[in-house]
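Notes to accompany the following structure.
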Amino acid sequence: MQLKEYPYWHDTVTMPTIPVRPLEGRVDVAIIGGGYTGLSAARVLAACGARTALFEAHTLGWGASSRNGGQVLTGMKLGPSALIKKYGLERARRLFAASLAAIDCVAQIVRDEGIACDFVRAGHLEAACKPAHLRVLAHEAELLARKFEHQVELLSAGELRRELGSAAYHGGLVDERSAGLNPARYLAGLAQAAARAGALLYEQTPLERVLPDGQGFLLRTARGALWAKDVFVATSGYTGPATPALQRRIVPIGSYIIATAPLPEALARELIPRGRMVYDTKNFLYYFRLTPEQRLLFGGRAGFTPPTESTVRESAAILRRGMLTVFPQLHDAPVEYAWGGTLGFAFDIFPHAGTLDGLYYAMGYAGHGVALATYLGTKLGQLICGGPEENPLAGLPFPRAPLGLYDGRPWFLPLAGLWYRFLDWVG
Ligand SMILES: Cc1cc2nc3c(=O)[nH]c(=O)nc-3n(C[C@H](O)[C@H](O)[C@H](O)COP(=O)(O)OP(=O)(O)OC[C@H]3O[C@@H](n4cnc5c(N)ncnc54)[C@H](O)[C@@H]3O)c2cc1C
């Protein structure tokens, strides 16, 4: 079978046709980036009457938003104990609550806009790679219940067998609040909703420069210049030199996925009987799930660098080997698709949203962006429109690299990759 080197999801969706329109001279809000963050913001801004133009360098959803695993997860990349240690109990509670509200926000938009994207509250399973990891999960489950009033179920290695047809893990944790969806169909639905609300959407229009100009900003795009009172940067892992201060705060990290051909019903049920969204406890983690047509999607950080043709091919081979260590019963299952995409990580591995040099931004979701990008895009859109400050991340410092050692070119990624492999080996 010929390997298709593009996201499986792209074969499941008809993206809306965006008419090519002349550039506006003046708008209230210009949004840079056409993923979940930008489109969620555009939807609420246009609905509240702001003249809103969104610029996407490629096609809408070209970035991570049509390439991801479609896992809509509770929490943030940092677990509950790290959240409390870093931010104190009260703030940690608010941040965790925001992650739950973010899933509800996706559910509400899917309902309100009638988006057919297979959204389902399937729950997620975090699988322990080592016995010591299960002890950490037990502590986190206890903290979630006691400090966050959030119930999850801890599973021993034996109990895990009812959730996973794999002997590779030592137990796990199930959270019923998480969900799954088809990310590209969700993206297409958000784009239609933003267009219906009146947002002006421009594809193939990279934003090249942003200059403060009186009460607003002068923007140079590949198709001409315009003026905007406010600018919202929604470029996450693809943040570039048009917004250098943000580029220096975000590290682009590659992530890769393979998808098998549709599996026989009984085999699919054996692998993940309850249809959970699954990820494991390694730094170089695996994440996987079934699709509605019973393909297994199996993803991971096969390398840390953003995708190229050769890294996609190499990663496909690495991930297939990984998939077979988890599910040896797939030895005959053909891999039909392989692709990669770029996630945005901040130096504190935490999402950030607020203003910098007068520009609004939300980015750095580190693998939790389906829900958080939607939520923060929506909340910041409402704020720009004069709504209340409901940004749960407001006021958190957005750090740069120690000693200013990063100018937007992630020279250290191969070293970071080795370091995290080492931690997985010893940890
Ligand atoms: C392989 C993979 C798997 C993932 N799996 C999951 C998952 O299962 N669950 C989860 O929650 N998250 C997951 N994520 C992360 C999630 O997809 C992202 O956090 C989320 O999509 C970010 O949305 P965004 O709108 O902020 O950015 P993106 O969707 O990345 O959009 C940014 C856009 O900005 C555009 N852009 C950049 N610069 C400019 C410019 N100068 N002018 C105009 N446009 C510009 C880019 O072309 C891009 O389309 C995954 C990511 C990847 C790559």
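The values are calculated or read from the model by the stated rules, or taken from the named source; none is laboratory data. Everything quoted here is computed from the prediction, not taken from an experiment. Using ideal geometry, Cβ is built from the backbone for each residue, glycine included, and neighbour counts are taken over all protein chains shown. We work out accessible area using only protein heavy atoms, side chains counted, and drop any ligands, DNA or RNA first. Shrake-Rupley method; radii C 1.70, N 1.55, O 1.52, S 1.80 Å.
Some values worked out for this structure:
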{"item": "Residues (buried (at least 22 other Cβ atoms within 10 Å of the Cβ) and among the polar types (S, T, N, Q)) located in region 75-101", "result": "99"}
{"item": "Subset of region 246-261 (residues that are aliphatic (A, V, I, L, M) and either at pLDDT below 95 or part of a strand (DSSP E or B) (or both))", "result": "250, 251, 253, 257, 258, 259"}
{"item": "Any hit, region 85-102, residues being within 30 Å of residue 18 (Cα to Cα), free of Cβ contacts under 8 Å to residues at least 40 places away in the same chain and in a helix (DSSP H, G or I)", "result": "no"}
{"item": "Residue in region 192-203 that is modelled with pLDDT of 95 or more, under 22 Å from the mean Cα position of the chain (by Cα) and of a type in the set (Phe, Trp, Tyr) present", "result": "no"}
{"item": "Residues being more than 14 Å from the ligand (Cβ to nearest atom), under 18 Å from residue 42 (Cα atoms) and surrounded by fewer than 16 Cβ atoms within 10 Å (Cβ to Cβ) - total across region 204-252", "result": "0"}
{"item": "Selection count, region 52-74, where residues are more than 7 Å from the ligand (Cβ to nearest atom), buried (at least 17 other Cβ atoms within 10 Å of the Cβ) and under 22 Å from residue 33 (Cα atoms)", "result": "5"}
{"item": "Filter result for the condition that a residue is outside any loop (DSSP other than H, G, I, E, B) and either within 13 Å of the ligand (Cβ to nearest atom) or of a type in the set (Val, Ile, Thr) (or both), over 381, 322", "result": "381"}
{"item": "Positions within region 176-195 being of a type in the set (D, E, K, R) and either near the ligand (Cβ under 10 Å from one of its atoms) or without any contact (Cβ under 8 Å) to a residue 60 or more places away in the chain (or both), in sequence order", "result": "176"}
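Each row is one residue, and each column tells you yes or no for (1) within 26 Å of residue 75 (Cβ to Cβ); (2) within 14 Å of the ligand (Cβ to nearest atom); (3) out of contact with any Leu (no Cβ under 8 Å at 6 or more places or on another chain); (4) open to solvent by 20 Å² or more (accessible area, probe 1.4 Å).
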| residue | (1), (2), (3), (4) |
| --- | --- |
| 271 | yes, no, no, no |
| 283 | yes, no, no, yes |
| 287 | yes, yes, yes, yes |
| 293 | no, no, yes, yes |
| 348 | yes, no, yes, yes |
| 352 | yes, yes, no, no |
